[in-house]
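This structure is in structure tokens; I'll ask about it shortly.
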């Protein structure tokens, strides 16, 4: 098919003005004549909260695997984020992490970076770049109420805009990027596509977050993370401090049933004191809260296996949280979305040819597989988790990963192998390469740290804080 015929007069409709919707537009805009994004709410003009994104109140990381995908789709995004105040954090050089196996070292050799910013800023930068394209239009206050077509071919979307009668929006390609509230399973059943399977695995984790004024210079301040230990008889809890734009700290605390945080502002720092180490609570003692506490209970892992359906209609693709939503504890959401959008673009390189939708759905499933294995592979070991319990193989794998994590506290090679996977730049199977297996067998090459590893300059700042009246 020629380049001209690919573009011809093809029209795409994207359900949802989310991050997934915007990156989907970036993925397809050069293969169609026009893109229509339908969004149930109004979109903010600046880096402000978007209705329908409760997770925006909590810590968000953009791992290198996701960042690379976004840069491929929208070159220059990282530079814009950094110019707007986002932080580029070298892993693990600028990270203070307490894993269940011990404190990770801050290796001075860097293999990966992450971008730390508020979700509102990241959304704004991506949205602004996408909506500058004259081929892309947004209809706000508009909902998808059904698909047009049949079990073999989707030809558009039935929509309802506030204050107007329902109407039909024809399309050569429909992409559902509407998130956890996706109605595609219902729409498919209405078209006669049945047999969709779903997994729902919930650790019961509750998130509480608020933003603070950083009490120290924020530039190059490390990310701090106290991870939960599923082996502990106490309710699993965790927390993190992420430096973000505007000289602020984004702080999230997490707890399982029986010991979860609440909206009570007076209890927030008290809950931080219940974590496995007091470093976060100690630092918050000197920080000024700028927001109330926001709590989220919807932290389950949920996945639809669209790629397994025996029949899949042409002209329909599902992307992002509409396919799989993850426990936000692991910070993989945006990165998986970006990698899925990049996979869609790669499949579309041949144009809107027969079989495109099925191939795209299978390609989107690949990065989902990796993140799903990581997230669920951790969550099933918490005693509060419903939906799946670990079998013998799961327990053996956990023992191996725990051994590798212990090794990573004193081995740069093991730490890099784990980071490759956690940043979604390598498959979990890479952890059983002979060199990694050998590292795990040998164990850590350096003694374990007794506490959090701060630089002399950071320790000086912390000492100054402690001496304040």
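Rule-based calculations on the coordinates, nothing more; no lab input. Please read all numbers here as calculations on a predicted model, not as lab measurements. Reconstructed Cβ throughout: ideal geometry from the backbone, glycine too, with neighbour counts over all protein chains shown.
Using Stokes-Einstein with the Kirkwood hydrodynamic radius over Cα pairs, what translational diffusion coefficient do you get for the stretch 396-435 at 37 °C and a viscosity of 0.692 mPa s, in µm²/s rounded to a whole number?
325
If R0 is 35 Å, what FRET efficiency do you get for residue 33 and residue 311 from their C-beta distance, rounded to 0.05?
Numbers: r = 28 Å, r/R0 = 0.81.
My answer for the efficiency is 0.80.
Considering Cα pairs under 8 angstrom that are at least six residues apart, work out the relative contact order of the chain and quote it in whole percent. Mind dumping the intermediate values first?
Details: 1002 pairs, mean separation 92.5, N = 469.
The value is 20 percent.
Based on alpha-carbon atoms only, what is the radius of gyration of the stretch 419-467 relative to the globular estimate 2.2 N^0.38 Å?
Details: Rg = 17.5 Å, N = 49, 2.2 N^0.38 = 9.7 Å.
So the stretch 419-467 has a normalised radius of gyration of 1.82.
When the Debye formula is applied to the Cα atoms of the stretch 332-469, each taken as the same point scatterer, what base-10 log of I(q)/I(0) results at q = 0.13, 0.21 Å⁻¹?
Here the Debye-derived log intensity ratios amount to -0.79, -1.19.
When you take every Cα atom in the stretch 231-358, what is the radius of gyration, and what is Dmax, the widest Cα pair distance, in Å?
20.4, 60
Give me Rg over Rh for the stretch 10-125, both radii from the alpha carbons and Rh done the Kirkwood way, two decimal places. Before the final figure, lay out the partial values.
Numbers: Rg = 16.8 Å, Rh = 16.1 Å.
Ratio of gyration radius to Kirkwood radius: 1.05.
Using 0.36 nm times the number of residues separating residue 153 and residue 433, minus their current alpha carbon distance, what extension gain do you get? Please list the in-between numbers first.
Numbers: separation 280, 0.36 × 280 = 100.80 nm, distance 4.32 nm.
Value of the extension gain: 96.5 nm.
So, one more: With only alpha-carbon atoms counted, please give the Rg and Dmax of the stretch 205-296, in Å.
Answer for the stretch 205-296, Rg first and Dmax second: 12.6, 39 Å.
Cα-Cα pairs above 14 Å in the stretch 104-163: how many percent? Don't skip to the answer; put the middle values down first.
On the way: 1350 of 1770 pairs.
Value for the stretch 104-163: 76 percent of Cα pairs lie more than 14 Å apart.
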